[in-house]
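The values are calculated or read from the model by the stated rules, or taken from the named source; none is laboratory data. All figures in this text were calculated on a predicted structure; none of them were measured in a lab. Every residue, glycine among them, receives a Cβ derived from its backbone with ideal geometry; neighbour counts consider all protein chains shown.
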């Protein structure tokens, strides 16, 4: 749910993974992996519905994000993962002021019920469930410069992983159930006029495919990620986005993780992602880097 998290596709999403909920890696029992990741993302073109355009009143919209993450191995097959990001947004043109603050806290349970080795290849199945909740009273109805959507979200993901030698493929699909939010106005227009301060948020389906090289020292993978909103509506002509807009995106990216040979507890991560196609989202380019450190609580 890093993807992050899923805060807002107009702000960009994070592809990072270092023992996270969306990769085929588990922390061992009584080990804690903790660290931080910094991401910078920006766009100057976006899709207004299916129409791709720029906006000189916004210029380039950028997002700086640093997240603190932790993953604890309750057992070799059960991990608990938590994350909390701090975000800042800004636009290079116009009069809209950027926002900053803590966004949504997420907690995830990752369980591996099946791991089998057949013919030299290892097959693993994972079930993943998580929640995210806003940690501050940030303004959701201020897109594209809001730091999030204020919606409490529950996620269920099913994931399969195949590895033979050092080469692997991981495929997963998730359903995100999002709660209603409250905005600071008593009426708004979607496809019709609604006289309420409550906004029904459409759910989301996500499919993620990653493949590449995986060893104890190095992970290098290519990623394809598709996110489709189950409902919503398009941004109206020359208008600001709205939290319950349809926000579809197809992204590609690369991710690397390197573990130091003489300091096996320390790992560096980094990567890049790019939005290929979208609907009511910015065509975002994002780069990220971070570190993770493993603390072993097992008795020597």
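Taken over the range 84-100, the residue count meeting the criterion of being buried (at least 16 other Cβ atoms within 10 Å of the Cβ), part of a strand (DSSP E or B) and over 17 Å from the mean Cα position of the chain (by Cα) is 2. Only residues that are surrounded by fewer than 22 Cβ atoms within 10 Å (Cβ to Cβ) and in a strand (DSSP E or B) were counted across the range 48-61, and they come to 5.
For the range 29-36, the count of residues that are modelled with pLDDT of 90 or more, within 21 Å of residue 213 (Cβ to Cβ) and either in a strand (DSSP E or B) or under 17 Å from the mean Cα position of the chain (by Cα) (or both) is at least one. Selection over the range 258-298 of residues that are touching a strand residue (DSSP E or B) at 6+ places or on another chain (Cβ under 8 Å) and not in a strand (DSSP E or B) gives a count of 6. Checked against the criterion of being modelled with pLDDT of 95 or more, within 19 Å of residue 71 (Cβ to Cβ) and out of contact with any helix residue (DSSP H, G or I) (no Cβ under 6 Å at 6 or more places or on another chain), the range 201-211 contains one or more residues that satisfy it. Of all the criteria given as (1) farther than 24 Å from residue 160 by Cβ; (2) part of a strand (DSSP E or B), the one not satisfied by residue 69 is (1). Residue count for the range 213-247 under the criterion of being in a strand (DSSP E or B) and under 20 Å from the mean Cα position of the chain (by Cα): the result is 12. Under the condition of being under 14 Å from residue 221 (Cα atoms) and either exposed (fewer than 14 other Cβ atoms within 10 Å of the Cβ) or within 17 Å of the chain's Cα centre (by Cα) (or both), the residues counted in the range 252-282 number 10. Among residues of the range 177-197 being under 28 Å from the mean Cα position of the chain (by Cα) and not in a strand (DSSP E or B), the one that is surrounded by the most Cβ atoms within 10 Å (Cβ to Cβ) is 183. Would you mind stating whether residue 138 is assigned to a loop (DSSP other than H, G, I, E, B) and modelled with pLDDT of 95 or more? Yes: the conditions hold for residue 138.
Which one of 81, 131, 114 is in contact with a strand residue (DSSP E or B) (Cβ under 7 Å, 6 or more places away or on another chain) and buried (at least 19 other Cβ atoms within 10 Å of the Cβ)? Don't jump to the end; show me each part of the working.
On the way: 131 fails: buried (at least 19 other Cβ atoms within 10 Å of the Cβ); 114 fails: buried (at least 19 other Cβ atoms within 10 Å of the Cβ).
When all the criteria are applied, what remains is 81.
Contact annotation: residue pairs with Cβ atoms under 6 Å, 6 or more positions apart or on different chains, pairing a residue in the range 54-69 that is closer than 22 Å to residue 94 by Cα with a partner that is crowded, with 22+ Cβ neighbours inside 10 Å and at pLDDT below 95, are 63/11; 63/12. Taken together, the criteria exclude residue 174 from residues that are surrounded by fewer than 21 Cβ atoms within 10 Å (Cβ to Cβ), in contact with a strand residue (DSSP E or B) (Cβ under 8 Å, 6 or more places away or on another chain) and assigned to a strand (DSSP E or B).
Quick one: in the range 198-212, of everything that is part of a loop (DSSP other than H, G, I, E, B) and in contact with a strand residue (DSSP E or B) (Cβ under 7 Å, 6 or more places away or on another chain), which residue is surrounded by the fewest Cβ atoms within 10 Å (Cβ to Cβ)?
Restricting attention to the range 198-212, the residues satisfying the condition of being part of a loop (DSSP other than H, G, I, E, B) are 200-202.
Those still in the list that are in contact with a strand residue (DSSP E or B) (Cβ under 7 Å, 6 or more places away or on another chain) too: 201-202.
Numbers: 201: 22, 202: 18.
Result: 202.
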